[in-house]
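Only one structure is covered here, and it is reproduced in the block below.
The values are calculated or read from the model by the stated rules, or taken from the named source; none is laboratory data. Predicted model, so just to flag it, every value in this text is computed and none were measured. All Cβ positions, glycine included, derive from the backbone under ideal geometry; neighbour counts span all protein chains shown. These accessible areas exclude ligands, DNA and RNA; they are computed on the full protein's heavy atoms, side chains included. Shrake-Rupley method; radii C 1.70, N 1.55, O 1.52, S 1.80 Å.
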Amino acid sequence: MTLGLREILNKHNSLISGTAACPGCPENMAMRMLGMGLGKDTVVVVVAGCSSIIQGNAPYNSYNLPVVNIAFAAGPAAASGLARAYKQKGKDVNVVVWAGDGGTADIGFASLSGAAERNEDIIYVCVDNEAYMNSGGQRSGSTPLGAITSTTPEGKKENKKNLPFLMVSHNVPYVATASVGYPHDYIQKLKRAKEIDGFRYIHVLTPDPYGWLFDPSRTAEIAKLAVQTCYWPLFEYYNGKITVSQECLHCLDKRTRRPIKDFLSVQGRFKRVKEDDIAKLEKYIDDMWEKIKELM
Amino acid sequence: MLEIRFHGRGGQGVVTASHLLAEAAGYDNLYSSSFPIYGAERRGAEIEAYCRISDSQIRVTSPIQEPDYVVVLDGSLLHLSNNVYRGLKSNSVILANYGSEIKTDKKIITVNATKVASELGLIRSGWPMVNVIMLGSLIKLTGMPSIESLEKAIRDEFDDKLAEINMKGVRKMYELVEGRRYNVLTT
Amino acid sequence: MIRKIISGNEAVATAVKLARVGLTGIYPITPQTSIIEKLAEMKAQGEIQTEIVRVESEHSAMAATYGAALAGIRAFTATASQGLLYMHEMVWWVAGSRVPVVMVVGTRAVGAPWNIWNEHTDFTSERDSGWIMAFASNPQEALDLTIQAFRISEDERVFLPVMVGMDGFILSHTKTNVLIPDQEQIDDYLPPRRQPYVIDPEDPVEIGNMFPPEGYMKLRESIHLALKNSEDIIRQHGREYNKKVSPMIDYSTLNSSYRLEDADYAVVLMGAWAGDAMEAIDVLREKGIKIGMLRVRYLRPWSEKEIRENLEGKKGVLVLDRSTSFGRGGPLYIEVKSTIRDTEVKDIVTGLGGVTVGKSDMIYLFSKFVEGIKEDVTWYYPKEVGKLDVRTPRDIE
Amino acid sequence: MSLLLDYQYFPITKPGKGAGGKTGSWRVVKPVVDLSKCIGCKACFMFCPESTIVPKGGKVTVDYEYCKGCGVCSNVCPVKAISMVSET
């Protein structure tokens with residue numbers, strides 16, 4: 001599947017200028033790309049999080065799509081209701097749940113798991129900035145080991161919960177990971193998801209300048225770096241198999257991976273990370289890629 | 001208003017018996033209400049269900065405290081606790097599934113429904129199912145609802161084969177007792 | 001119309017069928033479970049078109065129901081007790097969204113400790129959520145009110161969700177005579193669904209993003225006014241139900257009275273035990289005690305007008321509360337007391353957690369009240385239970 | 001639906017510019033595009049988090065009314081055609 005620039009330029013503009021997002025916001029990037037990938041017959045269910053605020057204030061809204069804002073743990077269930085209602089009305093609508101990592105890994109996980117088990121005809125997009133950034137950067141189940149957050153001032157002691165694998169374990173038709181650093185990869189995955197029936201899960205890494213502590217102009221760069229250092233994989237799970245995107249084929253071999261330190265050193269949140277933490281993170285990355293290889 | 005209290009054990013179909021009686025009364029264009037004692041039913045545990053039948057609207061919703069009839073599906077309950085005898089009025093009648101006659105100051109009519117059920121092969125999970133056929137004796141005593149209406153209710157509830165066997169039992173049990181033909185609704 | 005012997009839960013399921021509900025979010029919890037089981041059975045047998053979403057929690061049951069309602073189809077759910085408390089957040093969210101939804105609550109006690117029996121506290125704890133709250137006193141009313149709930153909820157002068165309460169077990173599991181309306185009657189009574197907005201890509205509308213303080217407050221006031229204004233609309237749809245569907249129960253008022261007009265004393269209560277109370281009143285009337293009853297059918301809107309007209313000027317008013325507001329009297333008592341002036345109001349809190357309060361208890365309570373009760377709020381245990389050793393441990397070694 | 005009674009309000013909004021305010025005022029540095037260097041690759045357009053890079057005539061312009069000056073466009077430009085200039 002190819003995606004020319006011309007095609008992208010003509011795609012639906014899902015984000016209108018003047019949002020309430022912080023400058024350099026990766027979630028905004030992800031939302032713009034969502035529109036490019038899915039087009040305008042899309043309804044977005046936004047669970048509590050940065051995106052609830054980003055939309056701005058009444059009487060307007062910065063998301064140029066029909067949006068249902070909803071309580072933290074209710075997104076996938078509400079989307080289930082919407083999707084079934086559209087089906088009943090004979091309408092072809094992409095129903096998308098748009099949730100952060102807190103809403104996905106923590107408070108919303110039961111609802112996500114339930115909708116996945118029922119194989120609801122919805123696309124779940126997790127925009128992962130690795131903490132509760134909207135409330136000031138508290139740790140979530142998706143925060144990586146070693147990261148300083150406002151509730152782990154000494155650095156998080158536990159590893160990141162690997163949600164894409166959890167969703168693979170749910171036997172859903174489609175699971176993909178993406179990064180806002182690689183728009184074409186992400187948009188292609190959205191387009192593929194759109195063609196598939198049933199529950200589709202896309203997990204997008206969205207590096208947050210203010211929580212990860214780097215200059216906002218570097219958002220896209222850090223999002224790329226996460227992939228280059230093999231911290232964040234880009235893959236698709238489809239028909240029971242994982243396919244790794246070309247951007248991180250080098251990660252399959254430990255010897256060709258770029259050192260994780262290159263990713264950690266550019267972020268303030270890892271400034272207290274010690275050598276043994278780095279070893280643990282490397283182990284996490286090793287294990288992750290071993291699992292990916294098993295499923296290839 | 002006629003008030004009937006059913007006693008039995010979980011798994012014996014106490015609630016079904018009470019519901020069928022209410023439904024049969026409905027087919028006779030009477031008012032009725034039926035409900036079990038509210039709780040988590042467990043096989044073997046003592047269960048109660050209540051059935052009220054009236055020719056006018058039934059307003060009370062609470063469990064029957066002073067029954068006109070007490071139907072005991074499991075004779076062992078006669079000796080087990082005092083529940084069966086709770087709130088009996090001077091003219092209350094106990095209809096019990098029991099192997100022999102009982103000499104007592106209370107009005108107890110015994111019928112061997114277990115025998116009838118066993119003969120008909122009405123067995124479920126190892127227990128003879130007497131719940132439906134006991135209604136045969138009961139409606140003979142009460143004089144209502146009609147056996148035709150009871151048959152309708154039974155056919156609503158069970159598949160053809162099971163309904164047929166139960167109806168056989170109902171007719172047999174109907175013949176086992178003497179009818180008391182007075183209008184209980186107005187007493 | 002046909003008359004059938006069915007349970008309260010079956011009556012509700014029948015109402016859902018007659019209302020041609022498009023989607024039902026279901027999750028089991030006693031004593032509401034047989035509603036959703038019945039619906040699932042009807043669906044399996046092809047009797048209903050309702051889409052059934054078998055969600056993983058009550059929170060999700062309400063969310064799925066809400067989603068379908070937003071997309072423009074008629075949506076229903078049912079719950080009880082812990083389930084209602086678990087979906088509390090969504091209950092408010094739905095009301096705030098002003099989207100028509102109907103829910104039935106088979107009332108039940110709230111833990112700890114576990115108790116599965118009847119009590120109204122789960123229902124009354126949603127009193128301030130912005131829902132219209134009706135309460136049935138028999139399975140017939142549960143059916144009628146559920147159908148009317150859709151009509152009221154989808155009225156443009158209202159556009160609020162409606163909750164119908166029904167005593168757990170006492171009504172939900174009691175089989176009794178219910179008149180089931182014909183589909184044509186309900187189709188005539190219930191017009192196609194209307195709602196203030198629909199979430200649809202054809203006309204992108206967003207629901208629920210940030211509202212600044214004054215805007216938010218204006219929305220809150222709008223719910224308040226819609227709820228207040230719904231009083232007349234409920235009467236109107238009640239009268240229409242009486243005309244088009246069934247005249248059996250008078251729905252021209254929000255509350256129902258019994259032998260109240262010439263009464264010196266009034267009893268106020270809600271739910272199934274109204275039947276036992278009427279029996280008790282008849283007995284006391286024969287003894288020359290002029291007592292009547294006002295049964296609250298709508299907790300929200302609270303018809304101050306009806307309450308005043310019915311209760312003011314009485315020598316005394318006794319409220320029976322099957323729910324709690326700890327440290328105060330029951331919620332009904334608080335409502336009544338804040339509504340009427342110059343009339344003495346006393347409260348009996350009883351019937352909690354399935355405690356059976358029957359006709360004889362009511363005769364006892366009403367007589368005591370007429371003789372004069374000192375305390376404003378009394379917790380009453382039925383006489384039979386009083387004789388029992390109520391084992392409630394106090395000391396732990 | 002235009003039936004709103006005078007007391008009826010609903011918590012709904014429509015898509016519109018500036019829902020978060022006139023966000024151009026947040027800016028302390030502003031992106032300036034050197035059109036002589038711009039090769040029209042649209043990388044800045046793709047990554048702009050604010051939809052304020054506007055493709056025009058094969059190249060791009062900036063909507064300064066809403067641009068927050070985050071500098072992402074400058075960072076992703078492969079030919080360094082966008083420089084961030086102080087607002088003061």
Query - Partners for C:K38 among lysines (Cα-Cα distance below 26 Å; same-chain residues under 8 apart left out) - result: A:K87, A:K89, B:K152, B:K161, C:K4, C:K17, C:K175
Requested in this report: Provide the three semi-axes, in whole Å and in decreasing order, of the ellipsoid equivalent to segment A:248-296 as defined by the square roots of 5 times the Cα gyration tensor eigenvalues.
Outcome: 23, 12, 8
Report task. With label points built 7 Å along Cα→Cβ from the Cα atoms of B:N29 and A:T243, find their separation and express it in nm. Result -> 7.3 nm
Query - Dimensionless Rg/Rh of segment C:114-211 - Kirkwood Rh, Rg from C-alpha atoms - result: 1.06
Query raised in the report: What's the average, rounded to a whole number, of partner chain beta-carbon atoms within 10 Å of each residue's beta-carbon in D:67-79?
Result: 5
Report task. Provide the packing ranking of C:308-315, A:45-52, i.e. peptides ordered by the mean count of other C-beta atoms within 10 Å per residue, highest first. Result -> A:45-52, C:308-315
Report summary line: Counting other chain Cβ atoms within 10 Å of each Cβ in C:214-221 and taking the mean gives 2
**Report entry** Too-long pairs where the Cα-Cα distance tops 22 Å, listed order kept, from A:K191/D:K17; D:K30/D:K56; A:K160/D:K68
**Finding:** A:K191/D:K17; A:K160/D:K68
Query raised in the report: List the cysteines of chain D that have no other Cys Cβ closer than 4.7 Å: which are they?
Result: D:C38, D:C41, D:C48, D:C67, D:C70, D:C77
Report summary line: Rounded to one decimal in nm, the spacing of the 7 Å Cα→Cβ label points at C:R341 and C:D250 is 2.8 nm
Query raised in the report: If you wrap chain C's Cα atoms in a convex hull and average its projection over all directions, what's the area in nm²?
Result: 22.3 nm²
Query raised in the report: Of all DSSP beta bridges located in segment B:1-139, what percent are antiparallel, nearest 5?
Result: 55 percent
Query - Mean projection area, nm², convex hull over Cα of segment C:196-254 - result: 6.3 nm²
**Report entry** Simple Cβ-charge dipole of chain A, Lys/Arg +1 and Asp/Glu -1, about Cα centre, in debye nearest 20
**Finding:** 240 debye
Query raised in the report: Hey, got the dipole for segment C:1-243? About the Cα centre, +1 on K and R Cβ, -1 on D and E Cβ, debye to the nearest 20?
Result: 440 debye
**Report entry** Positions from segment C:266-288 whose accessible area shrinks by 40 Å² or more when the full protein complex is built, not the chain alone, probe 1.4 Å
**Finding:** C:D276, C:E279
Report summary line: Of all C-alpha pairs within chain D, those more than 20 angstrom apart amount in percent to 43 percent
Query raised in the report: What number, in nm² with one decimal, is the all-direction average of the projected area of the convex hull of the alpha-carbon atoms of segment B:41-122?
Result: 7.3 nm²
Requested in this report: Using only Cα atoms, tell me the angle between helix A:219-228 and the longest principal axis of chain A; keep it within 0 to 90° and round to the nearest 10.
Outcome: 70 degrees
Report task. Check every DSSP H run in chain C and write down those whose alpha carbon atoms cover 20 angstrom or more along the long axis and whose mean Kyte-Doolittle hydropathy is -1.0 or greater. Result -> C:139-153
Query - Translational diffusion coefficient (Stokes-Einstein; Kirkwood radius from C-alpha pairs) of segment C:253-377 at 4 °C, 1.567 mPa s, in µm²/s - result: 91 µm²/s
**Report entry** Percent accessible area from carbon and sulfur atoms, the protein assembly as shown, protein chains only, probe 1.4 Å
**Finding:** 51 percent
Query raised in the report: Binning every alpha carbon pair distance of the protein assembly as shown at 20 Å from zero, what are the percents per bin?
Result: 13, 36, 29, 17, 5, 0
Query - Shielding by partners - mean other protein chain Cβ count within 10 Å, residues of A:212-220 - result: 5
Report summary line: Over segment C:247-319, the quotient of the Cα radius of gyration and 2.2 N^0.38 Å is 1.06
Query raised in the report: Any idea what Rg and Dmax come out to for segment A:5-295 if you just take the C-alpha atoms, in Å?
Result: 17.9, 58
Query raised in the report: In Å, the Kirkwood hydrodynamic radius of segment A:151-217 over pairs of distinct alpha carbons?
Result: 14.1 Å
Query raised in the report: Antiparallel as a % of all DSSP beta bridges within the protein assembly as shown, to the nearest 5?
Result: 40 percent
Query - Angle between chain A longest axis and helix A:275-295 axis [Cα atoms, degrees, rounded to 10] - result: 50 degrees
**Report entry** Accessible area expressed per residue, segment B:2-176, with surrounding protein chains retained (probe 1.4 Å, Å²)
**Finding:** 41 Å²
Query raised in the report: Roughly what % of DSSP beta bridges within chain A run antiparallel, to the nearest 5?
Result: 30 percent
Query raised in the report: Size of chain B along its principal axes in angstrom, Cα-based, largest extent first?
Result: 38, 36, 35
Query raised in the report: Quick one: in segment C:49-133, what % of C-alpha pairs are over 16 Å apart?
Result: 50 percent
